[in-house]
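Note sheet for the following structure.
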Amino acid sequence: MARILNSAKRLFIFLGKSLFALLEVMVFALIPKPQKNVAGEIVLITGSGSGLGRLLALKFARLGSVLVLWDVSQEGNEETCKMALEAGATRVYAYTCDCSRKEEVYRVADQVKKEVGDVSILINNAGIVTGKKFLDCPDELMEKSFDVNFKAHLWTYKAFLPAMIANDHGHLVCISSSAGLIGVNGLADYCASKFAAFGFAESVFMETFAKKQNGIKTTIVCPFFIKTGMFDGCTTGCPYLLPILEPEYAVRKTVEAILQEKPYLYMPRFIYFIVFLKRTSLRFVYCASSPCSVNVWMDGVRVSGGASRVEKMNSLSWVMSKLGGSLASNPPSGPREKER
């Protein structure tokens, strides 16, 4: 009897907290959440030599943050450093670092701790895309995708998270991708690495929450393709729902999410709906393809009458392939480094 009462108590607590969280989301959807002040915060950005990383650096420079810039390209990183100083940053430190190499990450991290101090906002942004079909992709390129897009997150977390915990102050930012939520044609290795990055960041988020390390914040960003050159050749079958994103928009929304300490950010908003469909076992699609009601599209071929479970799954896959980016006709040549 005591066990039943205890279970009921836990259930009611869970439901109460869930209701409170839902109400909080609804309130902040209508009223913007207050933004924290990051002036003086030490912000480390990987992949800062170009693209999204460079734009993030310029944004935080205007907010008064101390910038630590990591990139494999010394020339590109120094250019970002110069631009950040012109944008108003008072302290900018540029380091050449290949994030795919664990020993190099640890070495440069130690250098940062000695020369700059404890990093309080870590933005894992560096990335690479091969743009090759799975069977056409050489093993070394697939390994490189995982080394940069996922494993680098392990090493940077190991290097900087202990100080954040000791100070009870820090923010972990994972730039994942919509390709880390849903598989995309022609991006098997990239999707796998981004799924891994998302899962890792979410797991560490849950770990810090369970340990009541309330000073450690996490933001996981999952944008659709961004116009930074990394995904040249990508197209979208539905530009109104899934547009190729402008870099300035993606950076503005990302920085807003960090300042508001949002755990998740999906761009564009339609990604939330796609994830909802996926996580509810595609019941919405099942209803639309009930027996003897409508035709079912399976891999682009019309099939009359009812649909089996497999056909319904294929139906969603076909819909996603039409809505999402298509790489089949003109894939990006790779590998391309610098996230986005």
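The values are calculated or read from the model by the stated rules, or taken from the named source; none is laboratory data. Since the structure is predicted, the reported quantities are computational estimates derived from the model, not experimental observations. Cβ sites come from the backbone with ideal geometry, for glycine too, and all protein chains shown count toward neighbours. The accessibility values were calculated without ligands, DNA or RNA, using every heavy atom of the protein model including side chains. Shrake-Rupley method; radii C 1.70, N 1.55, O 1.52, S 1.80 Å.
Name the residues whose placed amide hydrogens come within less than 5 Å of the amide hydrogen of Ile128, ignoring near sequence neighbours (fewer than 5 apart) on the same chain.
Result for Ile128 returns Asn149.
Probe 1.4 Å, all protein chains in place: accessible area of Ile175 in Å², nearest 10?
Accessible surface of Ile175 is approximately 0 Å².
Given a cut-off of 23 Å, name the pairs among Lys36/Lys278; Lys102/Lys253; Lys102/Lys194; Lys227/Lys253 whose C-alpha atoms lie farther apart than that in the structure shown. The partial results should precede the final answer.
Working: Lys36/Lys278 33 Å; Lys102/Lys253 30 Å; Lys102/Lys194 18 Å; Lys227/Lys253 15 Å.
Cα-Cα > 23 Å for Lys36/Lys278; Lys102/Lys253; rest within.
Can you figure out the FRET efficiency of Ala210 with Glu79, using R₀ = 41 Å and their beta-carbon distance, to the nearest 0.05?
Numbers: r = 42 Å, r/R0 = 1.03.
E between Ala210 and Glu79, to the nearest 0.05, is 0.45.
Write down the accessible area per residue of the stretch 105-148 in Å², having rolled a 1.4 Å probe over the full set of protein chains.
On the way: 2040 Å² over 44 residues.
On a per-residue basis, the stretch 105-148 sits at 46 Å².
Given the Cα-Cα distance of Asn185 and Glu115 and 0.36 nm per residue of separation, how much length would full extension add, in nm?
Working: separation 70, 0.36 × 70 = 25.20 nm, distance 4.40 nm.
Net length gain for the segment: 20.8 nm.
Can you tell me which of 196-204, 141-149, 164-172 comes out highest on packing, and rank the rest after it, using the mean Cβ neighbours within 10 Å? Please list the in-between numbers first.
Numbers: 196-204: 18.6, 141-149: 20.7, 164-172: 17.0.
Averaged packing, sorted descending, gives the order 141-149, 196-204, 164-172.
From the phi of every residue in the stretch 205-220, what ³J(HN,Hα) in whole Hz does the Karplus formula 6.51 cos²θ - 1.76 cosθ + 1.60 yield, where θ is phi - 60° and glycine or proline is x?
Computed from phi, the couplings for the stretch 205-220 are 4, 5, 5, 5, 5, 5, 7, 6, 8, 5, x, 9, 9, 9, 10, 10 Hz.
Starting with the highest mean, order 62-70, 267-275 by the number of other Cβ atoms within 10 Å, averaged over the residues of each peptide. Please report the intermediate quantities before stating the final value.
On the way: 62-70: 22.7, 267-275: 16.3.
The packing order, highest mean first, is 62-70, 267-275.
Taking amide H positions as placed in the peptide plane 1.01 Å from N, state which residues far from Leu245 in sequence (5 or more) or on other chains have amide H under 5 Å from it.
Under 5 Å from the amide H of Leu245 lie the amide H atoms of Phe225, Ile226, Lys227, each far enough along the sequence or on another chain.
Please tell me the relative contact order of the stretch 34-315 in percent, rounded to the nearest whole number, where contacts are Cα pairs under 8 Å and at least six residues apart.
Working: 506 pairs, mean separation 40.8, N = 282.
Across the stretch 34-315, relative contact order equals 14 percent.
By per-residue mean of other Cβ atoms within 10 Å, what is the highest-first order of 84-91, 126-133? Show your work: numbers first, answer last.
On the way: 84-91: 15.8, 126-133: 25.0.
For the peptides 84-91, 126-133, the packing ranking is 126-133, 84-91.
Taking amide H atoms as placed 1.01 Å from N in the peptide plane, list the residues 5 or more away in sequence, or in a different chain, whose amide H sits under 5 Å from that of Thr235.
Counting only residues 5 or more places away or on other chains, the set is Ser326.
Got a sec to turn the phi values of the stretch 167-179 into Karplus ³J(HN,Hα) couplings, 6.51 cos²θ - 1.76 cosθ + 1.60 with θ = phi - 60°, whole Hz, x for Gly and Pro?
Computed from phi, the couplings for the stretch 167-179 are 8, 6, 7, x, 9, 9, 10, 10, 8, 8, 5, 4, 6 Hz.
Using θ = phi - 60° and the Karplus form 6.51 cos²θ - 1.76 cosθ + 1.60, what ³J(HN,Hα) does each residue of the stretch 55-71 get, whole Hz, x for Gly and Pro?
In residue order, the calculated couplings are 5, 5, 4, 5, 5, 6, 4, 5, 8, x, 7, 7, 9, 10, 10, 10, 7 Hz.
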